[in-house]
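This report refers to the structure that appears directly beneath it.
Just so you know, all these numbers are worked out from the coordinates, no wet-lab data involved. This structure is a prediction, so every number in the text was calculated from the model and none was measured.
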Amino acid sequence: MNPETGAAVGQFIPIAQYTILGTAILVALGGIMGFVKAKSKASLIAGVISGILLAVSFFVTQADLRAGLVAATVLLFLLDGMFASRLAKTKKFMPSGMMLVICSIAEVIVIVGLLQAVGVIQ
């Protein structure tokens, strides 16, 4: 507890960690769905690899919180760029727009967790 505010220190960090894991699962499932529906091997490979990398960053947070949160932030930023590019190209919200929304929300949550982990915010 913070003696000045009475708030629990770092209470947002677990939310950020599990957001990474949830996003990893959604990204991997999205890649699998892209393969099943459109026979897109690129979606399968990119989705599964991105999901695995996000899952690895979740597990890294267990040993080195800052490193895991930074890794997840970088990965989510890259995914945001990829999904934004696809959305601009296809002009179709599904699936790239939905994944852009999911990854963007996750990125904000992870950044808040990172800021809390480094002590910028409480």
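Compactness of the range 39-86 is given as radius of gyration and Dmax, 12.0, 38 Å, from Cα positions. Our coupling estimate for the range 55-62, obtained by passing each phi through the Karplus curve with A = 6.51, B = -1.76, C = 1.60 and θ = phi - 60°, is 5, 4, 5, 4, 5, 5, 4, 5 Hz, Gly and Pro reported as x.
With contacts taken as Cα pairs under 8 Å at a separation of at least 6 residues, the range 13-117 carries a relative contact order of 33 percent.
Taking all Cα-Cα distances within the chain, those exceeding 23 Å account for 34%.
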